[in-house]
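See structure below.
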């Protein structure tokens with residue numbers, strides 16, 4: 001096979017890998033292939049939605065919650081996961097919602113009706129509800145439910161926020177093409193572009209994954225090229241390297257930092273799998289395709305050596321120089337910029353809800369609990385010790401004013417009064433169901449409403465995405481910090497003393 005034919009075949013393999021990866025990641029994003037990933041690949045900073053498990057109200061809430069927690073769904077929200085604040089005459093005591101009626105009677109004046117309203121959200125119309133963020137649900141959630149809840153009738157509904165991933169493909173394309181022009185070996189980096197362009201279904205994590213691949217490509221390019229050229233050298237003129245593993249280690253001595261930094265990028269890949277919720281099968285396929293094309297690029301180089309019978313000159317270290325053997329900057333800069341743009345995409349491209357279920361199906365908005373209900377309840381409990389007990393406990397007591405607090409004037413007599421704030425100085429915990437309620441209220445808004453887009457209730461710039469972007473930026477910046485120069489105060493090794501005696 002001629003070298004030109006072999007090169008065209010390699011480019012064909014590169015395109016085939018790109019097409020295969022595109023459909024693998026698409027199937028993982030759409031959830032059409034069981035076991036390939038989560039129900040949807042998440043975009044960063046988006047309120048991704050919830051999986052709602054519905055069972056009969058007679059089922060043990062705590063037992064089901066423990067089973068879900070054993071699967072890694074520790075963020076599941078249900079009746080037994082919530083607490084109700086009750087005035088304990090000076091402090092606020094937290095009582096589990098499912099045990100509230102066992103500890104606080106209906107006649108207790110501290111029972112302001114909030115606990116019953118909160119419970120009706122989780123248990124109503126003969127059903128019991130469990131809410132789990134889609135970001136914490138396992139890939140095989142339905143199969144696990146079928147296996148462990150075989151004797152328990154249940155239904156599982158996914159309320160999703162659909163996020164367009166097209167901008168991430170554009171960012172990957174722009175970063176890959178810019179890196180191609182900044183690459184020191186454009187011909188061989190071109191092999192990797194189809195891989196970078198095909199994994200855009202992974203959202204932000206895919207951009208960081210492409211940056212990790214590009215970093216490995218740059219860091220290992222020169223060391224592998226050194227080993228490849230040494231194989232075709234007819235003889236080692238200076239004999240500085242030796243043979244065997246020891247000789248290989250000697251040749252790679254100038255590239256020790258390359259190997260260290262490449263190891264960091266290798267470690268970043270499994271971190272991305274966990275932090276970015278990347279599906280395992282497409283991730284392994286992308287990694288395999290990357291290293292396959294990396295290998296083919298060196299085979300193309302090797303065939304060039306054979307055909308031309310010319311081995312590129314590789315410099316031999318004559319002095320203990322601290323030389324720069326890689327150029328991550330500005331090569332990785334396009335991926336760094338793309339990752340920071342990807343962090344703010346949810347602000348400009350908010351997600352759109354999927355089709356709303358039929359009215360009355362899954363959830364009934366009449367049972368939703370608002371933040372105003374929660375804070376009114378907390379205010380009542382904080383000032384309970386200062387309130388009159390003449391009124392019947394109920395919803396109206398939430399509006400009841402406390403006793404007056406009198407203050408003295410300069411003459412020592414009562415000068416006026418203010419409404420007692422009770423224990424107003426105590427810290428109020430935020431409404432624990434705020435994110436869930438905001439999502440449900442927006443999800444179940446009427447179809448004729450003109451606004452169909454989500455405003456993310458959680459901050460769009462998540463800490464873990466920022467950390468991953470900063471890691472790439474830090475490693476990229478190391479290239480500029482490492483300047484070439486002679487290591488001071490170090491004796492010149494005899495085996496490197498290549499000076500010619502005059």
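The values are calculated or read from the model by the stated rules, or taken from the named source; none is laboratory data. Quick caveat, the model's predicted, so the values are computed rather than measured. Cβ coordinates were reconstructed from backbone atoms using ideal geometry, including for glycine residues, and neighbour counts include every protein chain displayed.
Observations, loosely collected:
Quick grid of which residues meet (1) modelled with pLDDT of 90 or more; (2) more than 25 Å from the chain's Cα centre (by Cα); (3) under 28 Å from residue 275 (Cα atoms):
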position	(1), (2), (3)
28	no, no, yes
31	no, no, yes
47	no, no, yes
60	yes, yes, no
91	no, yes, no
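- Count of residues meeting criterion [in a helix (DSSP H, G or I) and under 16 Å from the mean Cα position of the chain (by Cα)] in the stretch 268-296: 10
- Residues of the stretch 65-87 classified as under 21 Å from residue 432 (Cα atoms) and either in a helix (DSSP H, G or I) or out of contact with any helix residue (DSSP H, G or I) (no Cβ under 9 Å at 6 or more places or on another chain) (or both), total: 7
- Among the candidates 126, 105, the residue that is without any contact (Cβ under 8 Å) to a residue 12 or more places away in the chain and out of contact with any helix residue (DSSP H, G or I) (no Cβ under 9 Å at 6 or more places or on another chain) is uniquely 105.
- Some residue of the stretch 176-183 being over 30 Å from residue 386 (Cα atoms) and in contact with a strand residue (DSSP E or B) (Cβ under 6 Å, 6 or more places away or on another chain): no
- Residue that is surrounded by 18 or more Cβ atoms within 10 Å (Cβ to Cβ) and over 30 Å from residue 344 (Cα atoms), where the choices are 128, 93, 142: 128
- Looking at 261, 293, just one residue is in contact with a helix residue (DSSP H, G or I) (Cβ under 7 Å, 6 or more places away or on another chain), under 17 Å from residue 215 (Cβ atoms), surrounded by 12 or more Cβ atoms within 10 Å (Cβ to Cβ) and at pLDDT 90 or above, and that residue is 293.
- When the residues of the stretch 153-169 are filtered to those that are modelled with pLDDT of 90 or more and either exposed (fewer than 13 other Cβ atoms within 10 Å of the Cβ) or under 22 Å from the mean Cα position of the chain (by Cα) (or both), the one that is nearest to residue 343 (Cα to Cα) is 169.
Residue-wise test of (1) surrounded by fewer than 17 Cβ atoms within 10 Å (Cβ to Cβ); (2) modelled with pLDDT of 90 or more.
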{"site": "171", "(1), (2)": "no, yes"}
{"site": "177", "(1), (2)": "yes, yes"}
{"site": "200", "(1), (2)": "no, no"}
{"site": "210", "(1), (2)": "no, yes"}
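- When we screen 329, 335 for residues that are modelled with pLDDT under 90, in contact with a helix residue (DSSP H, G or I) (Cβ under 9 Å, 6 or more places away or on another chain), crowded, with 16+ Cβ neighbours inside 10 Å and outside any loop (DSSP other than H, G, I, E, B), the only hit is 329.
- Residue in the stretch 153-161 that is in the same structural domain as residue 81 (by TED's automatic domain parsing), in a helix (DSSP H, G or I) and either without any contact (Cβ under 8 Å) to a residue 40 or more places away in the chain or touching a strand residue (DSSP E or B) at 6+ places or on another chain (Cβ under 9 Å) (or both) present: no
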